[in-house]
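The next block holds one structure in the form of structure tokens; read it before the comments.
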Amino acid sequence: MSESPSELLKRWVLTQCPDQANWVISSLDTIAEGSPEKDLHVFLGYAPRKLGKADLALSAEDLAAADAAHPGWNPSGWSVDGAARVAALLATAGNRPFSERFKDLRRTADVAEMIALYRGLPLYPDPEKLHFEVGEGLRSNIRAVFEAIAHHNPYPRDHFDEHRWNHMILKALFVDSTLSPIVGLKDRANPELARILVDYAQERWAAGRPVTPELWIPVKPFRTDPAIADQLSKAISDGHLTEEALS
């Protein structure tokens with residue numbers, strides 16, 4: 001039987017920070033028993049001081065276990081303190097809805113805390129109740145916060161409607177973020193997004209600016225769409241685009 005996300009996170013943190021094992025275990029147990037919410041806040045605040053901020057040291061087997069625990073979950077790039085914070089959130093008990101707790105934490109979080117909060121999105125209970133808070137993260141001017149939602153995170157693939165999905169892809173381009181780490185980039189391709197991206201590319205070319213080759217990943221499935229094909233043909237004839245880029 002595969003380990004749960006919370007079990008994996010706890011194991012990874014303990015493996016990397018054995019000197020703090022007693023503190024981690026006792027704190028998570030206390031939180032899981034429904035202790036006052038201040039205990040959660042204390043743990044979240046002390047995590048970077050107790051555990052450090054190094055990246056999680058994950059093997060290929062660890063990443064496979066993450067995907068088995070939750071399809072599409074990829075914690076590569078997580079920090080050890082961020083992993084501990086998400087583990088604590090997953091351990092929370094009590095009658096208070098998780099979405100309310102998440103909202104309060106987001107409002108008072110610093111950048112590092114916010115990144116951890118959003119990276120844990122696919123693992124939380126009642127994900128459909130977090131849409132407003134996720135929208136706030138997508139609107140962030142801090143690229144790392146935006147990428148905590150957009151990169152290596154199956155939450156957008158699984159829970160965004162087409163409009164929000166398309167908006168996220170376009171914002172990634174506007175903030176000079178990469179597209180390939182977006183989970184579901186090919187699977188969630190749609191005709192409206194393809195048209196938006198072709199228009200975006202034309203605006204870039206008209207301004208003498210380059211277009212990332214990644215842009216064509218969600219366009220390729222619709223390259224024969226009449227609304228798109230003519231624009232692509234013109235771009236090829238003008239020398240902005242090659243047939244190979246669309247193959």
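Since every read-out is calculated from the coordinates, none of them should be taken as a lab result. Every value quoted in this text rests on a predicted model; they were computed, and no experiment measured them. Methodologically, a virtual Cβ is constructed for each residue, glycine included, from the backbone with ideal geometry; neighbour enumeration extends over all protein chains shown.
Summary of computed values
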{"read-out": "Residue-by-residue Karplus 3J(HN,Hα) for segment 25-42, coefficients 6.51, -1.76, 1.60, Hz, glycine and proline x", "value": "5, 5, 5, 5, 5, 5, 5, 5, 7, x, 5, x, 5, 4, 5, 5, 5, 5"}
{"read-out": "Point-charge dipole on Cβ atoms (K/R +1, D/E -1) for the chain, about Cα centre, debye to 20", "value": "480"}
{"read-out": "GluC sites (Glu not before Pro) within segment 1-67: DSSP coil, no more than 10 neighbouring Cβ in 10 Å", "value": "none"}
{"read-out": "Relative contact order of segment 189-247, pairs being alpha-carbon contacts under 8 Å that are 6 or more residues apart, as %", "value": "38"}
{"read-out": "Options (i) 0.95; (ii) 1.00; (iii) 1.05 - which one matches Rg/Rh (Cα atoms, Kirkwood Rh) as calculated here", "value": "(iii)"}
{"read-out": "Between helix 80-91 and the chain: long-axis angle, C-alpha atoms, 0 to 90°, nearest 10", "value": "70"}
{"read-out": "Inter-label distance for THR15 and ASP187, nm, one decimal - labels placed 7 Å from Cα along Cα-to-Cβ", "value": "2.5"}
{"read-out": "Rel. contact order, % - alpha carbon contacts under 8 angstrom, at least six apart, segment 1-150", "value": "25"}
{"read-out": "Computed lengthening from GLU214 to LEU246, 0.36 nm per intervening residue step minus Cα-Cα distance", "value": "10.5 nm"}
{"read-out": "Cross-link reach list, lysines versus LYS103, counting only Cα pairs under 16 Å and skipping chain neighbours closer than eight places", "value": "LYS38, LYS129"}
{"read-out": "Gap separating the Cα centres of segment 180-198 and segment 1-60, nearest whole Å", "value": "36"}
{"read-out": "Projected label distance in nm at THR108 and ASP225, using a 7 Å step from Cα toward the beta-carbon", "value": "4.6"}
{"read-out": "Within a Gaussian network of the chain (alpha carbon springs, distance under 10 Å), most fluctuating of PRO210, PRO156, PRO75", "value": "PRO210"}
{"read-out": "With Cα atoms, 0 to 90° folded angle of helix 98-108 axis to the chain main axis", "value": "80"}
{"read-out": "For SER79, residues with placed amide H under 5 Å, excluding near neighbours", "value": "LEU56"}
{"read-out": "Length added when fully stretched, GLU100-LEU170, from 0.36 nm per residue minus Cα-Cα", "value": "22.3 nm"}
